[in-house]
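**Q** Next up is a structure, given as structure tokens.
The values are calculated or read from the model by the stated rules, or taken from the named source; none is laboratory data. Being a predicted model, the structure only gives us computed values, none of them experimental. Glycine also receives a Cβ, built like all others from the backbone with ideal geometry; neighbour counts cover every protein chain displayed. The accessibility values were calculated without ligands, DNA or RNA, using every heavy atom of the protein model including side chains. Shrake-Rupley method; radii C 1.70, N 1.55, O 1.52, S 1.80 Å.
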Amino acid sequence: MNSQSIMVIDPALEIPEIESYNGIAVRSPVNTSYHLPAIHSSKTMENQIENACGVILMGSAASVHDSLDWINDTRAIIQKAVDKKIPILGICFGHQFLAHFFSGTVDYLWDTVKKRGVRKVQILKNNLLNNDQEGDLIYSHQEGVTSCPPDFDISARSSMVEIEAIIHKSLPIWGFQPHIEASKTFTTRIGINGDDFKKAKPFSVLLLEAFLKKNKDLII
């Protein structure tokens, strides 16, 4: 048990989201490991997946439609995690990746540039929380999930995005379009002010810690 860890996959193309990873690590009830397949190598993922008790796939400036070696490597890791019924959390790009992986549709939600900010998101059917809740969350994206994959339910929505989150009907797999892992460094870099970060942080932490607790409960 103690040798297992949650794999945190950061598909950043230029700047690693180390502070976001640290925020996950300090809240995790089990060990974590950090992987940068786009910047460095996919080898660490391949070495770690056999001892993984959870996988978190974070955001990226890449598109799930890009034909890149590291995306193919990540797909292979996710397939192994699915086969082993390891809990998986996808965030932003990770959310879109899971939807695409399971034959949902990912497309542009608007034709203009990437939109960033804070929006109010309503959590629907989602076994991470005891009841439906609503709160502010940080977002930064242009693409999104436009059709829910088979075997999944839509588990969150907002006035801006119809499919804010997805949940697998039988496997421990969740996806969130908003950045529930967002750090202050990340939000500052993308132009979101400190007050908005503080406003969104409590609900973000609630959802992130709910996955981490669910992960622990599933492996005990």
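**Q** Can you name every residue in segment 26-74 that is farther than 30 Å from THR146 by Cβ, open to solvent by 60 Å² or more (accessible area, probe 1.4 Å) and not in a strand (DSSP E or B)?
**A** Correct list: VAL26, ARG27, PRO29, HIS40, LYS43, THR44, GLU46, ASN47, GLU50, ASN51.
**Q** Do we have any residue at all in segment 145-154 that's under 29 Å from HIS65 (Cα atoms) and of a type in the set (S, T, N, Q)? Lay out the reasoning, then the answer.
**A** Pass one, segment 145-154, residues under 29 Å from HIS65 (Cα atoms): 145-154.
Imposing the further condition that a residue be of a type in the set (S, T, N, Q) reduces the set to 146-147.
Yes, segment 145-154 has at least one match.
**Q** What's the number of the condition ILE86 fails, among (1) hydrophobic (A, V, I, L, M, F, W, C); (2) in contact with a Cys (Cβ under 7 Å, 6 or more places away or on another chain); (3) open to solvent by 80 Å² or more (accessible area, probe 1.4 Å)?
**A** (3)
**Q** Something else now. Taking segment 204-216 on its own, how many of its residues are hydrophobic (A, V, I, L, M, F, W, C) and either at positive phi or open to solvent by 20 Å² or more (accessible area, probe 1.4 Å) (or both)? Full working, then the answer.
**A** Within segment 204-216, the first condition is being hydrophobic (A, V, I, L, M, F, W, C), and the residues that meet it are 205-208, 210-212.
Those still in the list that are either at positive phi or open to solvent by 20 Å² or more (accessible area, probe 1.4 Å) (or both) too: 205-206.
Total satisfying the criteria: 2.
**Q** Among the numbered criteria (1) out of contact with any Gly (no Cβ under 9 Å at 6 or more places or on another chain); (2) charged (D, E, K, R); (3) within 16 Å of PRO178 (Cα to Cα), which single criterion is violated by GLU19?
**A** For GLU19, the failing item is (3).
**Q** Give the residues of segment 172-204 that are among the polar types (S, T, N, Q), in contact (Cβ under 8 Å) with a residue 24 or more places away in the chain and farther than 13 Å from ARG119 by Cα, sorted by residue number.
**A** Filtering segment 172-204 down to residues among the polar types (S, T, N, Q) leaves 177, 183, 185, 187-188, 193, 204.
Then keep just the ones that are in contact (Cβ under 8 Å) with a residue 24 or more places away in the chain; that gives 177, 183, 185, 187, 204.
Residues satisfying the conditions are SER183, THR185, THR187.
**Q** Quick one: is ALA81 part of a helix (DSSP H, G or I) and in contact with a Pro (Cβ under 8 Å, 6 or more places away or on another chain)? Give the derivation first.
**A** Numbers: part of a helix (DSSP H, G or I): yes; in contact with a Pro (Cβ under 8 Å, 6 or more places away or on another chain): no.
Here the answer is no, as ALA81 does not meet what is asked.
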